[in-house]
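Comments concern the structure below.
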Amino acid sequence: MEIWKFCVLFFSAFLGGIAIFMVKSDKSKLLKLILSFSGAYLFAITVLHLIPDAYSGPDKWQIGVFILIGFLLQIFLEQFSEGVEHGHIHKHHDGHVFPFGIMISLCLHAFLEGMPLAKEQHNELIFGISLHHIPAAFALASILTQNHFKKGSIVLYLTLFAVMAPFGFYVSVGLSNGTIGGLDAYFNKIMGIVIGIFLHISTTILFESSADHKINTRKMIAVLLGIGVALIGFFAGH
């Protein structure tokens, strides 16, 4: 992995979480606009790039099954993460209690997203992962702050979350070159699982980030900008 790609993946999540220490007032409206942009971008790159690539292999007839598996896996993970992946911040956690379910599901989620990067290393996928990790990390840091964790501990857990996507990449490199098991044939299936995860997250962001599922002017602009950026990358690559 080129160093700039590692830095984008790591620092987007890490700095997104660290931002909790800099927020002195309610920034929920700004966070919702960022979520709308990232959700639209994530949905667009999934449709424009990831789905066509996943269906390009010889086992394309199976890919739909793995997309469904990824979609259902994300539903399962959210039973433990409580929607932190798409920026949901819950305030019912009291006391110095570590949210194991949230942390484990977030790390597994990020690890799986990093795995397909070893095959093609799409810039669009890297930016898509990075964008939606920003609000996820912010929500994680918010939960830890509400649970009265010290800043040092919060930074440590944010570092662990931020390193999981690059770690998924390096593990998948080992799989693809035979160092760990030579499972290159399964890459499109892994991509199918990630596509299912992305479809769930992006559509949830778009439909749940505003009251009554109504899109106001500012949210519509954010959505169009997200799709527009994805389209620019798509046509520039073709």
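The values are calculated or read from the model by the stated rules, or taken from the named source; none is laboratory data. Treat the numbers as computed from the prediction; the structure is a model and nothing was measured. Virtual Cβ from ideal backbone geometry, glycine too; neighbours counted across all protein chains shown. Accessible surface areas use protein heavy atoms only, side chains included; no ligands, DNA or RNA. Shrake-Rupley method; radii C 1.70, N 1.55, O 1.52, S 1.80 Å.
A few remarks follow.
- In segment 132-163, the residues that are under 13 Å from residue 38 (Cβ atoms), out of contact with any His (no Cβ under 8 Å at 6 or more places or on another chain) and surrounded by 23 or more Cβ atoms within 10 Å (Cβ to Cβ): 133, 137, 138
- Failed item, numbered, when residue 72 is tested on (1) hydrophobic (A, V, I, L, M, F, W, C); (2) modelled with pLDDT under 85; (3) surrounded by fewer than 16 Cβ atoms within 10 Å (Cβ to Cβ): (2)
- Residue count for segment 50-62, restricted to those that are closer than 16 Å to residue 125 by Cβ and modelled with pLDDT of 80 or more: 6
- Residue in segment 209-222 that is open to solvent by less than 50 Å² (accessible area, probe 1.4 Å), at pLDDT below 90 and under 30 Å from residue 60 (Cβ atoms) present: no
- Single residue of segment 26-49 satisfying the filter (aliphatic (A, V, I, L, M) and modelled with pLDDT of 85 or more) that is farthest from the chain's Cα centre (by Cα): 48
- In summary, residue 81 fulfils each of the numbered conditions (1) at pLDDT 80 or above; (2) within 16 Å of residue 198 (Cβ to Cβ) with the single exception of condition (1).
- Cβ-Cβ under 9 Å pairs, at least 6 apart or on other chains, segment 1-24 side closer than 20 Å to residue 154 by Cα, far side assigned to a helix (DSSP H, G or I) and modelled with pLDDT under 80: 9/117
- In the set (1) more than 17 Å from the chain's Cα centre (by Cα); (2) at pLDDT below 85, residue 66 fails one condition alone, (2).
- A search for C-beta distances below 6 Å between a residue of segment 46-65 that is surrounded by fewer than 19 Cβ atoms within 10 Å (Cβ to Cβ) and any residue that is modelled with pLDDT under 85 and polar (S, T, N, Q), counting only pairs 6+ apart in sequence or on different chains, returns 57/188.
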